[in-house]
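Only one structure is covered here, and it is reproduced in the block below.
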Amino acid sequence: MLRKRNILIGCLAAGLLLSGVPSVETALAETTLDVEETGSGVTVQGFYTDQGTPLAGVPAFLTVRGTDGQLYHLDQVQTASDGSYRFEWTMPSQASSGYYTVEVHIQGDKESTEFHYEATTDQAPIPPVSLSPYRFTGELNGGQPQIVLAETDDGLSISHSGGVTYVNVTASKARSRVYSASSDVHYLTISVPERGRTVQVNVPGSVIEEMLDEFGADAHLLVAAEAGSYDLPLKAVNSQLLDGVITRSDGALQVTISSQAQTPLSSISREVTALGARQLVDPVTFGVNAVYSSQTIPLRDYGSSFVRYSINLSGAELNQGGGRAQSTLLEHPRTGELVTAPSKLYRDSLGHGKLVITRTGNGTYAAVEADRSFGDTRNRTVENLASKFVIFGRSETQFDPRGSLTRAEFATLMVRALGLSDKQGSAIFKDVPRTSWYQEPVAIGSSLGLINGYSTSQFAPQDKITREQMAALLSRSLQFVKGQRPYVDTTRILGTVSDRDKISAWARDDMALALSAGLLYTNRIDQIDPQRYATREEAAEMLSQLLKYLDML
């Protein structure tokens, strides 16, 4: 007999609106459910065991529906080593007061319970984040143990020049704090104790070296400032540059966070207006320099390593009703146009708001709000991704949800959704013209190993994409972002699929991974239609699932 124990406890947390989850009814588990709702946030946590033995690494799915059957939230996690799992989300502002049903699915078992939600209509401006004792950084490090330097007594010296606040870290004090940290600490956080539009934090190379020695490969440098915060995993920095920083006497890492005042005539303001969006706060630029041997080397791109930033939304008024969505747009470093940057809204229990960005490079970001919808669909996932400028319709008013899409179209969607539009790639397919609108995203995707052709020279960009081809691209994207491919028992996962014999041999592992991770949009978990052409609506659902799985939406 399989056992699972679920505890649903109301709390104030963060989350986003999603849709679609596979489900199947069974009676394999004995489950107890308890729910207690507080404010707009809910936490679901529990354990999955087999006769007392924890079952780790098992996908767990959650859905939240209204009494009318409308899906308001979806999430998926994997059980931890002790069999535990945890979901957190915030009810969307368009959810009205009333009863909602929570369902948890684990390996075919489905259990459900209800909770009552009391909607709020408070649209007051987001309050500023307090400076004392240090700036909150939980949106980036999830509340992990950290060493925080936030005062002059901690070894921070501060000076001002030309509108820039310069923060220098005293090596001896910082190294002592790092050396004496407990074994579970991997973060050194510099919390700038002043307000200012532009700050530059200088961390000596000897401190970076101490972090690598004590924290290991998972060492993080986090800088929290007025305009936003920057979470830099040191392993993202080029090894040669990092070696120069820690071995030269003048070595240092410089982190800059700058908020740029805008006018209606500013280039970013014009671009935002042209897109039909509204700026929430002034654009923010994040940058890092490697300094050594009298050189200052900007770090613009981290290759396949992802870093995280957050933009402080203090003072902004969010209109979260209807289909409005908050997101960030990156100023393309070569063309100047605004392109999609993966981001998610974070709200804490005091109402503070931040947009969290996950990307492989630095740059200037605009925090925006938009409301985009189409006359031929009311799919919430489609509206959400369109409002975040991840997907676009056939026209301003028509999305064509049941229409098919080509391999070139989905490759472009995927590169855009992952925030890779500013990468550079080389064209290798003879059937992808250099003048085509899809040449650049196909080149980027193939250079990064996300896209394969039918051969080394043929991509077949105008061919309709099948569901198994789409699943393969999503699985490779998951592996690219995570840095490794999650283990999946392909035989076991596909063993419950009735049409598994229709899956191409080359796609079996990718289909199993997509199904295990909850990426494969399907109404029946036992039938996946691998050879059927995917629809535009399915593409939106599966991209949304991928971004949610990667904590990028």
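The values are calculated or read from the model by the stated rules, or taken from the named source; none is laboratory data. Quick caveat, the model's predicted, so the values are computed rather than measured. Backbone-built Cβ (ideal geometry, glycine too); neighbour counts: all protein chains shown. Quick note on the areas: whole protein, heavy atoms, side chains included, nothing else; ligands and nucleic acids left out. Shrake-Rupley method; radii C 1.70, N 1.55, O 1.52, S 1.80 Å.
With a cap of 11 neighbouring Cβ atoms within 10 Å, and only residues DSSP puts in a loop, list the trypsin sites (Lys or Arg not before Pro) found in the stretch 453-517.
Answer in residue order: no site qualifies.
Per residue of the stretch 394-399, what does 6.51 cos²θ - 1.76 cosθ + 1.60 with θ = phi - 60° give for ³J(HN,Hα)? Whole Hz please, x for Gly and Pro, Karplus curve as stated.
After applying 6.51 cos²θ - 1.76 cosθ + 1.60, I find 5, 8, 5, 10, 10, 9 Hz.
Using mean Cβ contacts within 10 Å as the protection proxy, how do 331-343, 201-213 order, highest first?
201-213, 331-343
Using only Cα atoms, what is the ratio of the radius of gyration of the stretch 258-393 to 2.2 N^0.38 Å? Show your work: numbers first, answer last.
On the way: Rg = 16.0 Å, N = 136, 2.2 N^0.38 = 14.2 Å.
Scaled against compact globular proteins, the figure is 1.13.
Can you give the extra length, in nm with one decimal, that the chain gains between GLN260 and ASP218 once fully stretched, where that is 0.36 nm per residue apart less the Cα-Cα distance?
So the extension gain works out to 11.9 nm.
Using Cα-Cα distances under 8 Å and only pairs 6 or more residues apart, what relative contact order does the stretch 375-415 have, in percent?
Contact order relative to length: 42 percent.
Roughly speaking, what is the stretch gain from SER239 to THR273, that is 0.36 nm per residue apart minus the C-alpha to C-alpha distance, in nm to one decimal? Each step should come with its number before you reach the end.
On the way: separation 34, 0.36 × 34 = 12.24 nm, distance 4.09 nm.
In short, 8.2 nm is gained.
Need the C-alpha centroid separation for the stretch 460-528 versus the stretch 370-423, integer Å.
Going from one Cα centre to the other spans 21 Å.
Check GLU111: other-chain or 5+ apart residues with amide H under 5 Å from its amide H, H built from backbone geometry?
Answer set, sorted by chain and number: VAL104.
Largest first, please: the extent of the C-alpha atoms of the stretch 463-553 along each principal axis, to the nearest Å.
The Cα atoms of the stretch 463-553 stretch 32, 29, 24 Å along the principal axes, largest first.
Grab the Cα-Cα distance for ASP463 and PHE392, subtract it from 0.36 nm times how many residues apart they are, and report the gain in nm with one decimal.
23.6 nm
Taking R0 as 30 Å, what's the FRET efficiency between GLN45 and ASP526 from their Cβ-Cβ distance, rounded to 0.05?
The calculated FRET efficiency here is 0.60.
Among SER457, GLN545, ALA517, which residue has its Cα furthest toward the positive end of the charge dipole of the chain, with +1 on Lys/Arg Cβ and -1 on Asp/Glu Cβ?
Towards the positive end, the residue furthest out is SER457.
Determine the relative contact order of the chain: mean sequence separation of Cα pairs under 8 Å and six or more apart, normalised by residue count, in whole percent.
11 percent
Report the Cα-based extents of the stretch 165-301 along its three principal axes, largest first, to the nearest Å.
For the stretch 165-301, the Cα extents along the three principal axes come out at 50, 30, 25 Å.
What accessible surface, in Å², does a 1.4 Å probe find on THR397, ignoring ligands, DNA and RNA and rounding to the nearest 10?
Accessible area, nearest 10 Å²: 80 Å².
With only Lys, Arg, Asp and Glu charged, each at its Cβ (+1 for the first two, -1 for the last two), find how big the charge dipole of the chain is about the Cα centre; round to the nearest 20 debye.
1280 debye
What Kirkwood hydrodynamic radius do you get for the stretch 272-345 when you take the inverse of the mean 1/r over all pairs of distinct Cα atoms, in Å?
Evaluated over the stretch 272-345, this radius sits at 15.1 Å.
Evaluate the distance, in nm, between pseudo-label points positioned 7 Å from the Cα of ILE158 and of HIS332 along their respective Cα→Cβ axes.
For the pair ILE158/HIS332, the computed spacing is 4.0 nm.
Apply the Karplus parameterisation 6.51 cos²θ - 1.76 cosθ + 1.60, with θ equal to phi minus 60°, to every residue of the stretch 375-384 and state each ³J(HN,Hα) to the nearest whole Hz, in sequence, with x for glycine and proline.
Once rounded to whole Hz, the list reads x, 10, 7, 10, 5, 5, 5, 4, 4, 5.
Using the Karplus equation 6.51 cos²θ - 1.76 cosθ + 1.60 (θ = phi - 60°), what ³J(HN,Hα) coupling, rounded to whole Hz, does each residue of the stretch 250-262 give in order, writing x for Gly and Pro?
Result, ordered by residue: 9, x, 6, 10, 10, 10, 10, 10, 9, 9, 9, 5, 10 Hz.
What figure, in Å² to the nearest 10, do you get for the accessible area of ARG359 with a 1.4 Å probe and non-protein molecules left out?
Looks like 0 Å² after rounding.
Translational D (Stokes-Einstein, µm²/s) of the stretch 359-488 at 37 °C and 0.692 mPa s when Rh comes from the Kirkwood sum over C-alpha pairs?
205 µm²/s
Using a simple spin-label model with points 7 Å from Cα along the Cα→Cβ vector, what separation in nm is obtained for ASN319 and ASP400?
Rounded to a tenth, the inter-label distance reads 3.0 nm.
Expressed as an acute angle from 0 to 90° and rounded to the nearest 10, what is the orientation of the C-alpha long axis of helix 467-482 relative to the principal long axis of the chain?
So the helix axis and the longest Cα principal axis differ by about 30 degrees.
Within the chain, what whole-number % of the accessible surface is contributed by carbon and sulfur, with the 1.4 Å probe and all protein chains included in the calculation? List each step's numbers first, then the result.
Details: 10570 of 22830 Å².
About 46 percent, which is the carbon plus sulfur part of the accessible surface.
Can you list residues whose amide H is under 5 Å from GLY228's amide H, if they're 5+ apart or on another chain and H is modeled 1.01 Å from N?
ASN312
If r is the Cβ-Cβ distance from THR101 to ARG248 and R0 is 51 Å, what FRET efficiency results, to the nearest 0.05?
0.25
I'd like the FRET efficiency for THR435 and ARG65, computed as 1/(1 + (r/R0)^6) with the beta carbon distance as r and R0 of 41 Å, rounded to 0.05. Could you put the intermediate results ahead of the total?
Values: r = 47 Å, r/R0 = 1.16.
E between THR435 and ARG65, to the nearest 0.05, is 0.30.
If you rank VAL148, VAL199 by how much accessible surface each has, with a 1.4 Å probe, what is the order from largest down?
Output order, biggest surface exposure first: VAL148, VAL199.
What's the tally of Lys pairs in the chain whose alpha-carbon atoms lie under 14 angstrom apart, where the two lysines are 8 or more places apart or on different chains?
Lysine pairs, 8 or more places apart or on different chains, close enough: 7.
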